[in-house]
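Student: Here it is: the structure, laid out below.
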Amino acid sequence: MAFPYSGSILQGHSVLVTGATGGIGRAIVSNLAQSGATVFAGGRNKVALDSLVEEVAGKVVPVDYDVTDENAVKEVFRTIQARQSDPDVGNFVGLVNNAGEMKEAGLVASNMELLRLQMSVNFYAAYQHMQLASRLMVRHRKGAIVNVVSQIGEQGGAGLSAYSASKAALTGATKSLAKELAPFGIRVNAVAPGFISTPMTAHYTQLQRDDVYSRVALKQSGTPQQVADAVLFLLDQCAGYTTGHVLPVDGLFQA
Ligand SMILES: NC(=O)c1ccc[n+]([C@@H]2O[C@H](COP(=O)([O-])OP(=O)(O)OC[C@H]3O[C@@H](n4cnc5c(N)ncnc54)[C@H](OP(=O)(O)O)[C@@H]3O)[C@@H](O)[C@H]2O)c1
């Protein structure tokens, strides 16, 4: 998205982005910080968080925690709540549930640990974040939540049943919470990327990539920036009349 980006309601307000140190997370943090928001950037890797703060122009506050640690998540929201009164931070108006784990394993070779890990990070943690975020947003009757789901959650993918189920669960919660939270001025949407070049997909061989691209109408992978631009659109006032939707960023992908 071209900056300076005028008319952003994020200016002077704060947002939380999970998985901020990942490929897509970094681009989301950068976009939101450039739009004038104070970005609480969540991640587990302190060194990567510090380098993100160095690299990104704008106000980025690192928050070092594991999204599956329920007490740590509560502490993060207590911190955000306490800092809202700082004019440099502003009201908390946005949440991006972006942290994710994808572990490929066919059903026969998979195990409950892999299922639990992906459900915990991709769904349970996102759900807790939405609960605590909405409690803060409800107070000023304004807010937007964007969940990063996946085309695999929409269409399924062989060897990805646990990942797909965890993302489909988040899509379901997105649509339900959009209805539940609309009366409080809170919108809930999702972006569903297809194949994006990030550390999550770095292990794909050229042969595997060619196979994926053969099933993408635009015949190439997407970029983290393209996903981040979709997130910014849904979070900001340009999407003020959009809630409960899943926006594909997938080059028209057939799983
Ligand atoms: N890349 C794609 O093709 C694609 C397609 C569809 C959807 N997505 C979704 O897009 C989102 C971002 O993925 P990405 O491609 O940017 O992958 P990535 O580079 O691997 O980033 C994933 C991020 O999630 C964080 N994370 C994982 N478990 C966490 C935990 N327990 N606590 C805190 N942070 C945790 C990682 O932190 P650490 O560095 O500490 O592990 C990392 O920052 C994910 O939800 C993914 O499922 C990606």
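Student: Tilt of helix 46-55 relative to the longest C-alpha principal axis of the chain, in degrees (0 to 90, nearest 10)?
Tutor: For helix 46-55, the angle is close to 70 degrees.
Student: Also, quick follow-up: Work through the residues other than residue 90 whose Cβ is under 11 Å from its Cβ and net out their charges, Lys, Arg +1 and Asp, Glu -1. Don't skip to the answer; put the middle values down first.
Tutor: Details: positive: 59, 83; negative: 86, 88.
That works out to 0.
Student: Does anyone have the angle between helix 224-235 and the longest principal axis of the chain? Alpha-carbon axes, 0 to 90°, nearest 10?
Tutor: 50 degrees
Student: If you count the DSSP beta bridges with both ends in the chain, what percent of them are antiparallel, to the nearest 5?
Tutor: 5 percent
Student: Long-range amide H contacts for residue 92: which residues qualify at under 5 Å (H placed 1.01 Å from N, peptide plane, sequence gap of 5 or more or a different chain)?
Tutor: Residues meeting the amide H criterion: 14.
Student: Related question: In debye, nearest 20, what is the charge dipole magnitude of the chain about its Cα centre with +1 on Lys and Arg Cβ and -1 on Asp and Glu Cβ, if you could check?
Tutor: Its charge dipole is roughly 620 debye.
Student: Can you list residues whose amide H is under 5 Å from residue 188's amide H, if they're 5+ apart or on another chain and H is modeled 1.01 Å from N?
Tutor: Those qualifying (amide H under 5 Å, at least 5 residues apart or on another chain) are 145, 244.
Student: Now, a different point. How large is ³J(HN,Hα) for each residue in segment 88-99, as worked out from phi by the Karplus curve 6.51 cos²θ - 1.76 cosθ + 1.60 (θ = phi - 60°), to whole Hz, x for Gly and Pro?
Tutor: Using θ = phi - 60°, the values come out as 6, 10, x, 4, 7, 10, x, 10, 10, 7, 10, 4 Hz.
Student: Moving on to the next point. Tell me, 54, 70 in order of fewest to most beta-carbon neighbours within 10 Å?
Tutor: Working: 54 8, 70 13.
With the fewest neighbours first, 54, 70 line up as 54, 70.
Student: Could you give the nm distance between label points at residue 209 and residue 242, where each point is 7 Å from its Cα heading toward the beta carbon?
Tutor: Rounded to a tenth, the inter-label distance reads 2.9 nm.
Read-outs: derived from the displayed coordinates by stated rules, not from any lab. Note that the structure is a prediction, hence the values are computed from the model and not measured. FYI the Cβ positions are ideal-geometry reconstructions off the backbone, even for glycines, and counts take in every protein chain you see.
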